[in-house]
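Novice: The structure follows.
Just so it is clear, none of the values below were taken in a lab; they were calculated from the coordinates. Keep in mind it's a predicted model, so treat the numbers as computed, not measured. Note: ideal-geometry Cβ built from the backbone for every residue, glycine included; neighbour counts use all protein chains shown.
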Amino acid sequence: MSKKNEDFKMTIAKKDEKTDIKIKKVYEHEGERVKTGIPGFDELVLGGIPRGKIVLLSGTPGTCKTIFGLQFLYNGATMFNEKGLFVTIEERVEGLKEQARQFGWDFDSLEKQGIIKLLRLDSANIKGITSKEIMKYAQRNNVKRLVLDSLSALAINTPNVYSEGKSMSDIKVMQFIYCFINDLKKDGMTTFLISQTQGDELSRDSVSEFTCDGIVYIKYENLGGEYSRHLMIRKMRETKHSEDIHPIEISKDGLILHKLNE
């Protein structure tokens, strides 16, 4: 073999090696996933939510959004040793714990261990620095997972919104929610923001579906099968995801996602 051909092969080999390294780095980046531990969900996003992303969890009342959020935090603490924070505006902390107990999730014990914190945010005290206060708590306590219930209640209680006209109020709500979500993005927590909706809308604030990195939409609808609640991933940045509808089962251990034809 001529020296010219040998040099050519060595050049190709080096290029292939560099390509392999780049591909490996891409896969390593894709491997930075946060598993929800909810049966049937993680496989829909290639193994979990990309770490640090903010996901809008939207749906009509009675679609198990709060249970989904609680299960995400509980599994994070018990399966993956990740600290979690649940911020509630609408429900009492004890009411959330009662919901969790029906699935055998002991949040009292996890709070005593300092792994999970359930925090009630008084709507009267919501202000422009609310997101920064949440971030400060998260940083002090090394929180990796955050759930806010709900973004809709936060929007209703937007600071300094008066009755000077619906259009001006809507703009202030959108600005507040936009800034709130972007502030949370700076901290790197993997976050679910619960949003109460009506009909087929994705949010009540008309901006969070664009600002959030992902949208998980749950609908209560009878499609003639065994289950009435169905989940669809409408978007998820930095990963491929299922675009199918997935029935949700409420089992004694929590939520389970199925395939439509199961």
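Novice: Shape call for region 181-262 from the C-alpha gyration tensor, a ≥ b ≥ c root eigenvalues: rounded (a/c under 1.5), prolate (a/b greater than b/c) or oblate?
Specialist: Taking the square roots of the gyration eigenvalues as a ≥ b ≥ c, region 181-262 is prolate.
Novice: What size of dipole, in debye to the nearest 20, comes out for region 31-257 about its Cα centre when the only charges are +1 on Lys and Arg C-beta atoms and -1 on Asp and Glu C-beta atoms?
Specialist: I would put it at about 720 debye.
Novice: Shape of region 76-122 from its Cα gyration tensor (a ≥ b ≥ c, root eigenvalues): rounded if a/c is under 1.5, otherwise prolate when a/b > b/c, or oblate?
Specialist: The shape class here is oblate.
Novice: Residue separation times 0.36 nm, minus the C-alpha to C-alpha distance between Tyr220 and Ile250: what's the value?
Specialist: Roughly 9.5 nm would be gained on extension.
Novice: What number, in percent, do you get for the relative contact order of region 31-257 if the mean sequence gap of Cα pairs under 8 Å and at least 6 apart is divided by its residue count?
Specialist: 30
Novice: Ranking request for peptides 194-203, 33-42, 91-100, 141-150: highest mean number of other beta-carbon atoms within 10 Å first, then the rest in descending order.
Specialist: 141-150, 33-42, 194-203, 91-100
Novice: Modelled label-to-label distance, Asn142 and Glu201, 7 Å Cα→beta-carbon offset: nm?
Specialist: 4.2
Novice: Based on the Cβ-Cβ distance from Gln175 to Arg101, what FRET efficiency comes out when R0 is 45 Å, to the nearest 0.05?
Specialist: 0.70
Novice: Another question, if that's okay. Between Glu43 and Phe210, take the C-beta separation as r, use R0 = 30 Å, and let me know the FRET efficiency to the nearest 0.05.
Specialist: So, using R0 = 30 Å, E works out to roughly 0.65.
Novice: For Val207, Val87, which order do you get if you count the other beta carbons within 10 Å of each Cβ and list the fewest first?
Specialist: Lowest count first: Val207, Val87.
Novice: Here is a further query. What do you get for trypsin sites (Lys or Arg not before Pro) in region 197-262 restricted to DSSP loop and a cutoff of at most 14 other Cβ within 10 Å of the site's Cβ?
Specialist: Arg237, Lys240, Lys252, Lys259
Novice: Evaluate E = 1/(1 + (r/R0)^6) for Asn182 and Arg234, where r is the Cβ-Cβ distance and R0 equals 22 Å; express this FRET efficiency to the nearest 0.05.
Specialist: E(calc), rounded to 0.05, equals 0.65.
Novice: Using the Cα atoms of region 31-257, I'd like the radius of gyration and the largest Cα-Cα distance, Dmax, both in angstrom.
Specialist: Taking only Cα atoms of region 31-257, I get Rg and Dmax of 16.8, 50 Å.
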